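Bear in mind that the values in this text are calculations on the coordinates, not laboratory data. Predicted model, so just to flag it, every value in this text is computed and none were measured. Please note: Cβ atoms are built from the backbone with ideal geometry, for glycine as well, and neighbour counts cover all protein chains shown.
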Amino acid sequence: MFTLTYVLILHSTLVDRQPSEGSSNPLRNASTPFGRSPSSDSGHGNGDHGAVFNVSQRPYPPPEVLQSLLQIYIERIADQPLPLFETSALRPSELSGALLNSFLALTVRFSRASFFANIQSKAVEYYKSAARDELFRYAAEPTGSIAALQALCLLCLAEIYDGKMVSAWMASGVAARVIICSNLAILEAGRPSARKSEFSRCCWSLLVLDRIHGSSLRTIPAISDEGILPEMPTATACALEHVRVAESTRPNEEKDEGIRSYSLQLLITWGRLMQYLKSVKQGNREYGWEANSGYAQIRARMSEFETIFPEAHRFTNTKFYEKTSAELNNDRAYWAPWIFTQCIYHTIHCTLNHPFLHVARIHGEQKLRSPSFLQHAIDQTILHSNWVIQLLTLCEERDFKIYDPFVAHLAAMIATAQFFLRFSKDEALGSRATRAFERLQDFVAKSASDYPHLLHTKAKLSKLAQLAAPYNDATRSVQPPKVETALLWDLLDYAVSSSPTTSSGGGPVDDVELSVNTQFLLPMDQTTTHSALGIIPISNNSPESFPSNFWEDPALAFDMADFSNLPDMSAFAMPKDAWVNGLL
């Protein structure tokens, strides 16, 4: 509603600046320098490597710099997943107007070209301002174009990278309203298939931005229902061309739609998870074990996803852990969205079962909670958080750079779960959680060096670490600290964690106790040793619960399944130090 109101206000305030009747599209032929292609600027086609950025005279880079920016886009942005362009057909020299300015605002920040030497921030702000002014003026018109939608998507992402989440949300909201108000979907329906594919890419890129970045626990999504979108864009032909994976072993398995399509499906569930968290934050206290609860509905969606996720893309069959750095980077178009899919899958499970939501005392909740449900929640938290940590470790070991800053946000969310587990009454689990938290904190800090908006996430994690620091070397009998719930909610919300914004509220009333029990049900035979149960042994010097032959374990054939419901999986799923003989 707020976004729609903004568009109406925008229309009323800018209507006197609209072009006269019969004028051409401002995105293509503006009278300002923003309507010209870079090739039209004098001196830019001479291979002038010594040229520097000049706001008033030479705002656009030469063709060779534009080509380098295209490579930056393909490497850092195109596989996040953001299916905005068919990159093989993308020609920056053919872009113009607001689309060119948005493209430059997004990519220039990563450029090392002498053209932008020492003034990248100034250039980014210049291009963003130019794109924003033109796009918002265009939004007041009753027409739509694919170029405008593409530009709004790029502008939204540029605002995100600058930590301006409100501006990002506004850009995505305007784009959604442009689609609706201009009847663009109807107009594009009769176009050639290639043109319809471009429109589909715009719509689904907008959904990605809305579900990952623009959506917040404090706002409403710009796209409320993904069912209104056109058919999902087809997977690129090269997605599996060079990646050798196992053939499907599942009878009657549906056609493989490509790894990006499955990441998009998980993003839809991610949006529902954010709505669930928002409901909990607002005080709507439901119980996850109830059949119609939000928790149960999301779990059902995840289980459904596991039934359609092809065997070919599963962790065991792809053999990611056996690939060399060269192999992974040569097929980045596949492996980048694959890593994203793995990380968001496990983070959804971990967040859905977060100790903050189910174990800690929130708002004085006193009702007796189901011990078996709490046991399941803790088991799932430990299992899925370990998977994310292991995936990030594998990427680091194989020098496979993760450029997607949202993955760093997922790591921060996992870190909040480890923050709770570090105060477990089980000392071994607490020690491992402490080390895991530090590793995740380090990953976020490294990502922040490339994406300054993550410096705010880093700062919030550092505040959590400071709260725990006095207890790192203390005896386990010391009462764990309390933490403001506002800080935890901030770290679960990308729009807040990666911006200077902080949640309202806080104070003693909103503190949460961190004493966490990790065993709510009595083991079947308390006299049986862990080795006899077949629990995986863990070295005191190792932060991981993964043995040397971990990847060959046949249980990993179900690596994208819910382990807790599979026979004979309890020993594999639960590290030995999670068993503390808790009573019912």
Calculate, axis by axis, the spread of Cα positions in the stretch 67-132 along the three principal axes, and write the results as whole Å, longest axis first.
30, 23, 21
The stretch 412-490, relative contact order in percent, only Cα pairs under 8 angstrom and at least six apart counted
25 percent
Note to self: C-alpha centroids of the stretch 257-325 and the stretch 65-108 sit apart, in Å, by 30 Å
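Which of 255, 460 comes first, and how do the rest follow, when ranked by fewest Cβ neighbours within 10 Å?
Listing 255, 460 from fewest to most nearby Cβ atoms yields 255, 460.
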Given bins 10 angstrom wide, list per bin the percent of all Cα-Cα distances in the stretch 259-521, short to long.
6, 30, 37, 21, 5, 0
Obtain the nm distance between the two label points defined at residue 272 and residue 75 by a simple spin-label model: each point lies 7 Å from its Cα along the Cα-to-C-beta direction.
3.8 nm
